[in-house]
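J.: The structure's right below; bear with me while I get my questions together.
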Amino acid sequence: MPTFNQLLFRLIIPAIACGGIYIAAVFIRTRIENKDNLLWLTAVSIAIGYIIGYISIERTITILPREGIHWLFYLTLFALFSSTYWDSEGLRRTISQVIYSIVIPRILLDALFKHTWGTFQEIVWWTCLSVGIFVFWNIVKQSFSESPSIRSVPLIYFVLSGGTALVLALTGSLRLAQHAGILAAILAAVWIITLTIQHRMQIDSEINLLEFPQSLSPLLVFLFVAIWMNGYFYGETPFICVLLLAISPSFTLMGKLNIFSGLMSKKPVLIQIGLAVLCIGIAVAIAVVRSGLFGEDTYY
């Protein structure tokens, strides 16, 4: 088990690397006319930061993945490739989303498909997971554009990754918890930089430079889904915790529902963030109770 100093080092270095590249990406986009062409640089900054963290945890890159966790590195590369065209509208993006949603469960859960599940279980799990990934992906994409504040988006995903790390740590998946912690540190750096730059930026038309682009959605979806699936299927993370974590970003879409239109007219950012954090907090609380910290383990 890594010491506190090792954990701190693993968190700080990826966050610094990501922050430096992210600042450079924003600066570059301010110097060109067609800023949309380089929106994918945001995904590059987060991906490079995560890869640095991945190597610091795993110590090596497994050429032929033997465990579900080994696919985190390759999924990051796939997401980077997809980010280069994801901001453009077209059939290619939709087809890619469908293919990834179907393929990811199969490669991550290869051992279960081959040695544990029967044909019926395979069909049920594969169908449910593919649909779930596709739905979660659409929630993530819409959360980037529907949130009333550019500051709230990185904050929500920072809290989500931090909550994921806590849930995994409490349920015994310490190795996965470190991966989620790396993502939390990176998104915390992006959030702090966003706050700082927005405060200093005087031209309102350039605020879109700090928005989370659609090209970032593959990376976040791949990493969150892979970490959650590894935690549930190969660890002891309760399903209810994974479900609560997965639905938490959906609260950013409340403004689209007529029944919440009156509520969302008053401090929508605080309401959205508050409900998302509450959902994540419940997941952490359940993990605490089922971890046995308050006595006998209640998880069966």
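Laboratory data are not the source of any read-out in this text; all were calculated from the coordinates shown. Remember, it's a predicted structure, so these values are computed and weren't measured experimentally. Reconstructed Cβ throughout: ideal geometry from the backbone, glycine too, with neighbour counts over all protein chains shown.
J.: Per residue and in cubic angstrom, what volume does the convex hull of the Cα atoms of region 134-179 have?
T.: 79
J.: Taking R0 as 35 Å, what's the FRET efficiency between ILE282 and THR119 from their Cβ-Cβ distance, rounded to 0.05?
T.: For ILE282 and THR119, the calculated efficiency is 0.45.
J.: Then there is this: Once the Cα gyration tensor of region 72-121 is diagonalised, what are the square roots of 5 times its eigenvalues, in whole Å and ordered largest first, as equivalent ellipsoid semi-axes?
T.: Details: eigenvalues 154, 38, 4 Å².
Its equivalent ellipsoid spans semi-axes of 28, 14, 4 Å.
J.: Rounded to whole Hz and in sequence order, give me ³J(HN,Hα) for region 172-181 from the Karplus expression 6.51 cos²θ - 1.76 cosθ + 1.60, θ = phi - 60°, writing x for Gly and Pro.
T.: Here the 3J(HN,Hα) series is x, 9, 5, 5, 5, 4, 5, 5, 5, x Hz.
J.: Within region 83-158, report the GluC sites (Glu not before Pro) that DSSP leaves as loop and that have at most 12 other Cβ atoms within 10 Å.
T.: Answer in residue order: GLU89.
J.: Also, I was wondering about something else. Within region 51-96, list the chymotrypsin sites (Phe, Trp or Tyr not before Pro) lying in a DSSP loop whose Cβ has at most 13 other Cβ atoms in a 10 Å radius.
T.: TYR85
J.: Per residue, how big is the convex hull around the C-alpha atoms of region 36-109? Give it to me in cubic angstrom, could you?
T.: Spelled out: Cα convex hull of region 36-109, divided by residues, is 81 Å³.
J.: Output ³J(HN,Hα) for region 56-67: one whole-Hz value per residue in order, computed from phi by the Karplus curve 6.51 cos²θ - 1.76 cosθ + 1.60 with θ = phi - 60°, and x for Gly and Pro.
T.: Here the 3J(HN,Hα) series is 5, 7, 7, 6, 7, 9, 7, 4, 10, x, 9, 10 Hz.
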